[in-house]
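A short reminder: the numbers here are calculations on the coordinates, not readings from a lab. From a predicted model like this one, the values you see are computed outputs, not experimental measurements. Note: ideal-geometry Cβ built from the backbone for every residue, glycine included; neighbour counts use all protein chains shown.
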Amino acid sequence: MGQLALQDVKKSFGSTEVIKGVSLDVKDGEFIVFVGPSGCGKSTLLRMIAGLEEVSDGTVFIDGKVVNNLPPVKRGISMVFQSYALYPHMSVYENIAFPLRVAKMSEAEVEERVRKASRILQLDERLKHKPGQLSGGQRQRVAIGRAIVREPSVFLFDEPLSNLDAALRSDMRVELSKLHGSLGATMIYVTHDQIEAMTMADRIVVLDGGVISQVGSPLELYHKPQNLFVAGFIGNPKMNFVEVTCKASAENSVTVTLPDGGEVEVPVKGQANLEGQKMTLGIRPEHIKLGQADAHISVVANVVERLGIHTVSHATVEGANTSFCSLLDGAAPVVVGEAAPVGFNASDCHLFDSTGAALERLVKLEDVDPAMLQVEPA
Amino acid sequence: MIDKYRWWEVVAIYAGIAVFLTFILAPFVEAFVVSMRPLDALFSIPYRFITEEMSFRAYVTMWENVPLLGLYIFNSFLIASSVTVFALLAIIPAAYAFARFKFKGSNTLLAAFLAVNMVSGAVLIIPLFKVMHQLGLLNTYFAMIAPGTAFVIPTGIWLLRSYLLKIPKELEEAAWADGASRMYTLRRVIIPVAMPGIIVVAIATFIVAYAQQFIYALTFNSKNELNPLPVGLFQFFGRQEVVWNELMAASLVGIVPVLVIYIFLQRYIVAGLTAGAVKE
C-alpha cells in the first residue's frame, strides 16, 4: 500500500517559513509531481515526506499512520536523489544491495533481489563496475535500482533527471513511466521541468512560495488554471497577459476592453461588481493566429525565431509596452519592427480578476480529451 | 594551457625554487658527505667538499659502536606508529562530528583546538612530567606515546574536517534513507570515501610524531632500551669527541623508514576516488 496524506504541514528554518501549510491526499499507486520555480519549497516538502527534514507543524500520514517522528526506513519510502548519491567505492551490485545489507538479509535473497532490479533496469552487464565507470543515465538507473530493491510503498524522486542531457532525459521519462506502470507503487516526483510534470503525472501539484497554488491533472492545469501563477507557469512559451478593463459581466460571459479599444466577450463565469475593474486577459501563444479571429490586437515583433515547424514571435503590444509572444506557422509572414494585428478566439481566452484569481472558463475538460482525465490510476 | 610566463619569469621562478631547495636540502647533503669522511678529515681548513679516503665505513661501524641502534630505530617507529593509530581513532569520529553535526560550542571548540596548537609541548613538559611521575608512568612507552597523541589530535581534526566537509551530504542522506545507522554509514560509506583524506592525515601525524618524540623521550624516559632514535643518537657523543661520521650515518638511516612509508603511501593520495559519487 502506498497511501499518503499531508495535513497542514509546515516547515520553518529559523524565522523563515518555507512551507506555509500544505494539505494533500495521495492515493495508492498515484504518480504525483511537485512542480514550481526554484525556492518554492518543493524539495523541502519531499524531504519532509522522506523523513530527512523535520516537520515543524502539521502531520504526515503514510498508510494511515502518523510518521512525523519515524526515520525514513520505517516510513516505507525510498528516495532517489538529484545527484544520484551513489557510493563511489562500491560496485553497482553492492550499491543496489546496500539497503538489503543494512537490513541484514540473507545472501541468497540479496542476490535474487539485486538480479531482479538489475533486470528491470537493464543493468545486468554493469553489476561489477564502479559508479565512476558509468554514464549519467546508467548512474541514474543504479540510483533507481537502489530505491526499488527494498520494495517500498512510496517512491520519492528529487529532480532525478535534471543532470541528464535532453535526449537521455526524454528516454528516462518514458522508462520511469513504464516503471511506475509495472511496479504500481505510489511515486512522488519533484521537478522544475514542466514537460516532465505534464508527461508523467497523474496529478500535478503546483507550489508557489510554500503553498499549493493548484492541484490537478495536467490538462486541468493547462485548460483551467486557477490563478495567474499557474497560468504563467504551465505552458511553454508562457501565456501572454494583457491588461484589460471589464465592461460588462453576465452569468456566462464577461466583456472586456482591450488596450487599443477593441472588445472581447470571454466565455467565463461572470461575477457581480466587475464592471470598470482592471482585469488580466490571458492568451496562450499557441492560440494566436493571423487573419480571421474573434478579436485582434496590434503588436510589434522584436525577435522572430524560425523553428521550421513553428515561428515564435516575441513582440510588444502596441501602445501598452507589455510583451506578447505568439506561436505561429513555420512560414508565418512576421517581420521584425513592423506593427501587425494578431488574432485570437474568445473561447481560448483566460480571464483573471485584480487579485490574480481566474474566472472559471466554460470549457468542458471532457471535450478536450476524456482519456487524459482519468483520475483513477491506470 | 596557455604558457603565460615569459622566459625571464620562468628563469626567476626556477631560481627561486633552487634557492629554496638549497636551503632545505643542503643539511642533508652535508650530513651525507660528513658520514662518508674519516673523522680526522672533518674539520680540515679550508673546507673541501670532497676529501680523501671517503667510504661507507661509518655505516658499518656505527652498528658496532652503538649496538642498540637497531632497537632505537624500531622504538622510533613503534612510538610514531602508535601515536598515529591512536590519534586516528580519535580524529576520525571527532572530525566527522565537527563536519556534520551542529551543536552548541562546536566553533568555540574548534578555535580552542587551534589555540592548543600554539602552545608547544615543550611548555607543558614540566607539568606533564609531574603527571607522569604521579601516575607512575615514567620510563614506559606509554609516557612517550600518550602526550604525543594528544598534541597531534587538534591538527588532525582540522585537516580531516575540511576534507569531510567536501563529501556530499546526499551520500549520508541516501544511506540514512536506506536505513543505515550513523555508525554503519561512517564505517561503510564515509571512511572508504574519505580514505585519501585519512591517509594524508595519517602521514602528517606520523611525521609530526616522528619528529616530536625527542622531547618526550628525553624527559619521560631514562630506560635505554625504550629510547627512540633521536635520543639514542646521543650515544655517539663520547666524552672526548663526537663520532660525527657515524652520527650522521645513523641519522640518515633513521630517516629511511619515514621516506619509505611516505613514498609507499603517496600513491594513495589521489583525487578521483570520489569520482562518480555525484554529478559535478
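Couple of notes before you dig in:
- Arranged from fewest to most other beta-carbon atoms within 10 Å of their beta carbon, A:Asp171, A:Asp158 become A:Asp171, A:Asp158.
- Over the Cα atoms of segment A:90-176, the radius of gyration divided by the Kirkwood radius equals 0.96; this is the Rg/Rh ratio.
- Mean ellipticity per residue at 222 nm, deg cm²/dmol - from DSSP H runs of n ≥ 4 across chain B, formula -39500 (n - 2.57): -22500 deg cm²/dmol
- Among the trypsin sites (Lys or Arg not before Pro) in segment B:171-237, those located in a DSSP loop and surrounded by at most 15 other Cβ atoms within 10 Å of their own Cβ are B:Lys223.
- A:Gln7-A:Ala340 FRET efficiency (beta carbon distance; Förster radius 60 Å; 0.05 resolution): 0.70
- Quick note on segment A:229-289: its Rg to Rh ratio, both from C-alpha atoms and Rh being the Kirkwood radius, is 0.99.
- Share of pairwise Cα-Cα distances greater than 33 Å in the protein assembly as shown is 65 percent (whole percent).
- In this simple spin-label approximation, A:Ile195 and A:Lys27 carry label points 7 Å from Cα along the Cα→Cβ vector, and these lie 2.9 nm apart.
- Debye equation applied to the C-alpha atoms of segment A:1-107, log10 I(q)/I(0) at 0.19 Å⁻¹: -1.05
- Calculated from backbone phi, Karplus (6.51, -1.76, 1.60) coupling profile of segment B:168-184 in Hz, x at Gly/Pro: x, 5, 4, 4, 6, 5, 4, 5, 5, 5, 7, x, 6, 7, 4, 5, 4
- When the charge dipole of the protein assembly as shown is built from unit charges on Cβ atoms (+1 for Lys and Arg, -1 for Asp and Glu) and taken about the Cα centre, the candidate among B:Leu164, A:Leu24, B:Leu135 whose Cα reaches farthest toward its positive end is B:Leu135.
- Rounded to the nearest 10 degrees, the inclination of helix B:141-165 to the longest alpha-carbon principal axis of chain B is 50 degrees.
- The chymotrypsin sites (Phe, Trp or Tyr not before Pro) found in segment B:64-109 that occupy coil by DSSP, while having at most 15 further C-beta atoms within 10 Å, are B:Phe101, B:Phe103.
- Residues A:Glu263, B:Glu246, A:Glu94, arranged from fewest to most other Cβ atoms within 10 angstrom of their Cβ, appear as A:Glu263, A:Glu94, B:Glu246.
- A Förster distance of 25 Å, applied to the separation of the beta-carbon atoms of A:Ala103 and A:Ser56, puts the FRET efficiency at 0.25.
- Estimated vicinal HN-Hα couplings, Hz - segment A:26-34 in sequence order (Karplus 6.51, -1.76, 1.60; Gly, Pro = x): 10, 7, 4, x, 7, 9, 10, 10, 8
- FRET efficiency for the pair A:Glu111 and B:Arg187, taken as 1/(1 + (r/R0)^6) with r the Cβ-Cβ distance and R0 = 22 Å, rounds to 0.45.
- With semi-axes defined as the square roots of five times the eigenvalues of the C-alpha gyration tensor, the equivalent ellipsoid of segment B:7-55 measures 32, 10, 8 Å, largest first.
- Between helix A:92-102 and chain A: long-axis angle, C-alpha atoms, 0 to 90°, nearest 10: 70
- Each principal axis of the Cα cloud of segment A:237-361 was evaluated for its coordinate range; sorted largest first, these ranges are 45, 26, 25 Å.
- Diffusion coefficient of chain A by Stokes-Einstein, Kirkwood radius over Cα pairs, 37 °C, 0.692 mPa s: 142 µm²/s.
- Full extension of the chain segment joining B:Asn117 with B:Phe49 gains 20.4 nm, where the gain is 0.36 nm per residue of separation less the Cα-Cα distance.
- Across chain A, the longest piece that holds none of the trypsin sites (Lys or Arg not before Pro) lying in DSSP loops with up to 12 other C-beta atoms within 10 Å covers A:129-363.
- Cα-based convex hull, segment A:128-191, per residue volume (Å³, whole number): 90
- Surface/4 of the Cα convex hull for segment A:4-217, nm²: 11.6
- Virtual paramagnetic centre 7 Å along Cα→Cβ of A:Lys20, amide N under 17 Å, in segment A:214-233: A:214-215, A:227-230
- Entry note, chain B: relative contact order of 31 percent, from Cα contacts under 8 Å with a spacing of 6+ residues.
- Its DSSP H runs of at least 4 residues, each contributing -39,500 (n - 2.57), put the calculated 222 nm mean residue ellipticity of chain A at -7000 deg cm²/dmol, to the nearest 500.
- Between B:Thr140 and B:Arg57, the modelled label-to-label distance comes to 4.6 nm, taking each label 7 Å out from Cα in the direction of the beta carbon.
- Debye intensity ratio in log₁₀ form over the Cα atoms of chain B, taken at each q of 0.16 Å⁻¹: -1.25
- Rounded to the nearest 10 degrees, the inclination of helix A:166-183 to the longest alpha-carbon principal axis of chain A is 60 degrees.
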